[in-house]
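Okay, structure first, notes after.
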Amino acid sequence: QVQLVESGGGLVQAGGSLRLSCAASGRTFSSYAMGWFRQAPGKEREFVAAIKWSGGSTYYADSVKGRFIISRDNAKRTVYLQLNSLKPEDTAVYYCAAAIKSYSVPVAASGYDYWGQGTQVIVSP
């Protein structure tokens, strides 16, 4: 019903920046919110940021507040995650996700119904 395509990952030095993109297609009208999660080697998938399609309300994990910015282009059905002041501990595979069933913005992975393939971010010292 909903397809998500991520891009923008790569290798960057500590202190650098990247912008991740996630393009949504299919039944995008049924998507209430979009989220970004990340999974580092040996760790569980964790919430990073989320945004509501209507109104654009945003939510951030404490670990990224002040450094990352989530935004969206409603016309293009695309969400972005601007990664600034990157640290080695930000190294992870970053996933975008779409929430269909939820009527509030989820901050847990279980609240999302569709997932992208992931894009790798590696931050070197």
Under 5 Å between amide hydrogens, which residues at least 5 positions from Thr91 or on another chain qualify, with H placed 1.01 Å from N in the peptide plane? Val123
Add +1 for every Lys or Arg and -1 for every Asp or Glu among the other residues with Cβ under 14 Å from the Cβ of Trp36, and state the total. +4
Would you mind working out the accessible area per residue for the chain, using a 1.4 Å probe, and quoting it in Å²? 50
Net length gained if the chain between Glu89 and Lys76 were fully extended (0.36 nm per residue, minus Cα distance): 1.6 nm
For region 98-112, take each phi angle, set θ = phi - 60°, evaluate the Karplus expression 6.51 cos²θ - 1.76 cosθ + 1.60, and give the result in whole Hz per residue in order, putting x for glycine and proline. 10, 9, 10, 6, 6, 10, 9, 6, x, 10, 10, 4, 5, x, 10
Per the C-alpha gyration tensor (a ≥ b ≥ c, the square roots of its eigenvalues), region 30-72 is rounded if a/c is under 1.5, else prolate if a/b beats b/c, else oblate; here it's oblate
Simple spin-label model, 7 Å along Cα-to-Cβ: Ser54 to Ser102 in nm? 1.7
Between the DSSP loop rule and a limit of at most 12 other Cβ atoms within 10 Å, which trypsin sites (Lys or Arg not before Pro) in region 18-125 are left? Lys43, Lys65, Lys76, Lys101
Rank Thr28, Thr91, Thr78 by mean-square fluctuation in a GNM of the chain with C-alpha springs under 10 angstrom and give only the top-ranked residue. Thr28
On the accessible surface of the chain, probed at 1.4 Å with all protein chains in place, carbon and sulfur together account for a percent value of 50
Select from region 29-125 those GluC sites (Glu not before Pro) which occupy a DSSP coil region and have at most 14 other Cβ atoms within 10 Å, ordered by residue number. Glu44
Region 15-125: D in µm²/s via Stokes-Einstein (Kirkwood Rh, Cα pairs, 4 °C, 1.567 mPa s)? 93
Scan around Gln3 for amide H atoms under 5 Å from its own, H built in the peptide plane at 1.01 Å from N, and keep only partners 5 or more places away or cross-chain. Ser25, Gly26, Arg27
Cα pair distances exceeding 15 angstrom across region 83-125, given as percent: 52
Looking at the chain, send over the antiparallel percent of its DSSP beta bridges, to the nearest 5. 90
If the chain between Ile69 and Ser30 were fully extended at 0.36 nm per residue, the gain over the current Cα-Cα distance would be 11.7 nm
Starting from the Cα of Arg19, move 7 Å in the Cα-to-Cβ direction to define the label point; list residues of region 51-80 whose amide nitrogen is under 13 Å from there. 69-73, 79-80
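The values are calculated or read from the model by the stated rules, or taken from the named source; none is laboratory data. Everything quoted here is computed from the prediction, not taken from an experiment. Glycine gets a Cβ as well: all are built from the backbone with ideal geometry, and neighbour counts include every protein chain shown. All accessible areas refer to the heavy atoms of the entire protein, side chains included, with ligands and DNA or RNA removed. Shrake-Rupley method; radii C 1.70, N 1.55, O 1.52, S 1.80 Å.
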